[in-house]
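Below: one structure, written as structure tokens.
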Amino acid sequence: MKTLPTLGLRHVALNVPDPQRAKEFYCRVLQMQVEWEPDPDNIYLTSGGLDNLAIHRAAPEVNLDGLDRLDHLGFALPTMEAVDQWYAWIQKQPDAKIVKEPKTHRDGARSFYFQDPDRVVTQMIFHPPIAARESK
């Protein structure tokens, strides 16, 4: 197998009951900054561009006491093309299940999602701010 590089684990997404309260907490306590807030239910924070914490309003059926609190992990990728290369690789893995096909998002990111055998969801993502900072 040809080695497929990542920029590391740079993204975690949480399901919370009150995204605005979570935003206030992480900004105050961990001194994170808002990177993007497309609406009151979805907020993306950063500690300076090399990481990304997504906060999402939990759907009513989400069990906030269990695994559902963690929405997904995200591995940053250096290019949009790397997303498709990783997608091709993950598709060949018998114990990985594709959850969402590759997609280009509103903010210019591109990603797909898969589950591991324990149903933990991982997103492989080209995130422009992380990729730009990493290339410096």
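The values are calculated or read from the model by the stated rules, or taken from the named source; none is laboratory data. Just so it is clear, the structure is predicted and the values come from calculations on it, not from any experiment. Here Cβ is always computed from backbone atoms with ideal geometry, including for glycine, and neighbour counts include all displayed protein chains. Protein only, heavy atoms only, side chains kept; ligands, DNA and RNA dropped before computing areas. Shrake-Rupley method; radii C 1.70, N 1.55, O 1.52, S 1.80 Å.
All Cα-Cα separations within the chain were binned at 5 Å from zero, giving a P(r) of 2, 10, 18, 22, 20, 15, 8, 3, 1, each value a whole percent of the pairs.
For the set 124, 80, the ranking by accessible area, highest first and with no ligand, DNA or RNA atoms included, is 80, 124 under a 1.4 Å probe.
Treating only the Cβ atoms of Lys and Arg (+1) and Asp and Glu (-1) as charged, compute the dipole magnitude of the stretch 1-75 about its Cα centre; round to the nearest 20 debye.
Details: 7 positive and 11 negative charges, 69 e Å.
My answer is approximately 340 debye.
Based on DSSP H segments of at least four residues, each scored -39500 (n - 2.57), the chain has a per-residue ellipticity at 222 nm of -6500 deg cm²/dmol. Averaged over residues, the count of other Cβ atoms within 10 Å places the peptides 18-30, 45-57 in the sequence 45-57, 18-30, highest first. For the chain, the fraction of 1.4 Å probe accessible surface lying on carbon and sulfur atoms is 53 percent. Inter-label distance, residue 6 to residue 28: 3.3 nm, where each label sits 7 Å from its Cα along the C-beta direction.
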